[in-house]
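These notes are about the structure you will find just below.
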Amino acid sequence: MRTISSFTINHDILDVGMYTSRIDGDVVTYDIRMKKPNAGEYLDDNGLHTFEHLFATFARNSKYSEGVVYVGPMGCRTGFYLLVRDSVTPKDAISLVYDAMRFIADYEGEIPGSAKRECGNYAAHDLVAAKKYAGDMLPVLETWTTEKLAYPE
């Protein structure tokens, strides 16, 4: 079998940040790397779950909603993927992710989609952890530029 592209990235030198993972036709996949790979600290399941609900809700209600294809966690629990149509420019994508982090870091209230009838694992949420993850990313993304979207080599 062919090695998929995300497994060709050198995770030994990858750090926290936002990267263009791949472009497939008009869909751009962004790698929102929230934890340094293989460094021993990962997003915990409940915090990651809550973060996903908040990130997806924000992105799909933003001014870029028509261009948002998918928001979801990485299986390795070091971050998230954001898939958008190419109508969302790289600069816009950075802005969307930064604004989502601010929204999550400041969020108070009921977690969207967390009722039993709405979620397949409704009891597994941690708003405090999700807010911390977002808060940790704000200073990273504050000065992020389109030039930094390339993976390190």
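Where a number appears in this text, it was derived from the coordinates with a stated rule and is not lab data. These numbers were taken from a predicted model, which means no experiment stands behind them. Cβ: placed from backbone, ideal geometry, glycine included. Neighbour counts: every protein chain shown.
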What pairs come out if I take residues in the stretch 51-69 that are free of Cβ contacts under 8 Å to residues at least 12 places away in the same chain and pair them with residues that are part of a helix (DSSP H, G or I) and surrounded by 21 or more Cβ atoms within 10 Å (Cβ to Cβ) whose C-beta lies under 9 Å away, six or more apart or interchain? 63/96; 65/59
How many residues does the stretch 27-60 contain that are over 10 Å from the mean Cα position of the chain (by Cα), within 13 Å of residue 71 (Cα to Cα) and of a type in the set (Ser, Thr, Tyr)? 3
Could you please let me know if residue 96 is under 11 Å from the mean Cα position of the chain (by Cα), in a helix (DSSP H, G or I) and of a type in the set (A, V, I, L, M)? yes
Suppose the filter is over 15 Å from residue 31 (Cα atoms), small (Gly, Ala, Ser), more than 13 Å from the chain's Cα centre (by Cα) and buried (at least 17 other Cβ atoms within 10 Å of the Cβ); does residue 130 pass it? no
Selection count, the stretch 131-153, where residues are under 30 Å from residue 8 (Cβ atoms) and either basic (Lys, Arg) or assigned to a helix (DSSP H, G or I) (or both): 12
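Residues checked against (1) in contact with a Pro (Cβ under 6 Å, 6 or more places away or on another chain); (2) part of a helix (DSSP H, G or I); (3) not charged (D, E, K, R):
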| position | (1), (2), (3) |
| --- | --- |
| 3 | no, no, yes |
| 42 | no, no, yes |
| 47 | no, yes, yes |
| 69 | no, no, yes |
| 82 | no, no, yes |
| 102 | no, yes, no |
| 110 | no, no, no |
Looking only at residues in the stretch 112-130 that are in a loop (DSSP other than H, G, I, E, B) and in contact (Cβ under 8 Å) with a residue 40 or more places away in the chain, which one is nearest to residue 35 (Cα to Cα)? 126
State whether the residues of the stretch 116-124 include one that is among the hydroxyl-bearing types (Ser, Thr, Tyr), touching a Lys or Arg at 6+ places or on another chain (Cβ under 6 Å), farther than 14 Å from residue 57 by Cβ and surrounded by fewer than 16 Cβ atoms within 10 Å (Cβ to Cβ). yes
So which residues in the stretch 108-153 are of a type in the set (Ser, Thr, Tyr), within 30 Å of residue 23 (Cβ to Cβ) and in contact with a Phe, Trp or Tyr (Cβ under 7 Å, 6 or more places away or on another chain)? 133, 151
